[in-house]
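Here is the structure we will look at.
The values are calculated or read from the model by the stated rules, or taken from the named source; none is laboratory data. Here the structure is a predicted model, which is why all the values come from computation and not from measurement. Don't worry about glycine lacking a Cβ; one is built from the backbone with ideal geometry, like all the others, and counts go over all protein chains shown.
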């Protein structure tokens, strides 16, 4: 466990065995990659002061990752995101900016420009904006009922009996288990029956799940592990590292 230093902030806990020592403050965990054989860090987080380490710079195509400066030119031509964008724009149904709205609706204004406009507001202007948002929300929003349902079928995940190399936090497990519990309450999941076909529960094995925006695949994996559903199809545009299916 971390200890509280003089400045009042808790220091990061020790990294898990075989894990990169780089601490990710926004995610409040260490990097999930394996360290290099001669270092405590992975290739992405190797300090520039380390022997043989080069300077890493953000990828101009996808700034969410970095590359060695000396390899930048070669990387740009084969960046996975560039290939994904090229494949998408080549589709017959693709039309750039089709969902951006009309010029009157702010077409052409980027997210960064919108954020900058908010940052330029004075404190009084910002409070007035919040008041307008709350007023509109109160006028049109229906009451949202909280429903935290975790069924006994998810005990396997809730008790940590699932062996995963993939790092996840307890709140994520509880969230996925509650989503599944509410799905069952709404009748989206068939409850188990006693009919067995080829060694499997017939009602469960007949179900199929398609998850759009699947991310790393946690939700569907809970269904597979806890409900025995085998007919699954995950749809995700982004290529995520450390998908749950790769950590089994």
Report summary line: The helices (runs of 4 or more DSSP H) lying entirely within segment 132-221 that contain at least 2 residues which are in contact with a helix residue (DSSP H, G or I) (Cβ under 7 Å, 6 or more places away or on another chain) and modelled with pLDDT of 85 or more are 170-185
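For residue 48, state whether it is part of a helix (DSSP H, G or I) and surrounded by fewer than 12 Cβ atoms within 10 Å (Cβ to Cβ). Step through it out loud before you land on a result.
Details: part of a helix (DSSP H, G or I): no; surrounded by fewer than 12 Cβ atoms within 10 Å (Cβ to Cβ): yes.
No.
Would you mind stating whether residue 92 is over 30 Å from residue 32 (Cα atoms) and at pLDDT below 85?
Details: over 30 Å from residue 32 (Cα atoms): yes; at pLDDT below 85: no.
The answer is no for residue 92.
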Query - Given (1) at pLDDT below 60; (2) in a loop (DSSP other than H, G, I, E, B); (3) buried (at least 17 other Cβ atoms within 10 Å of the Cβ), index of the condition residue 248 fails - result: (3)
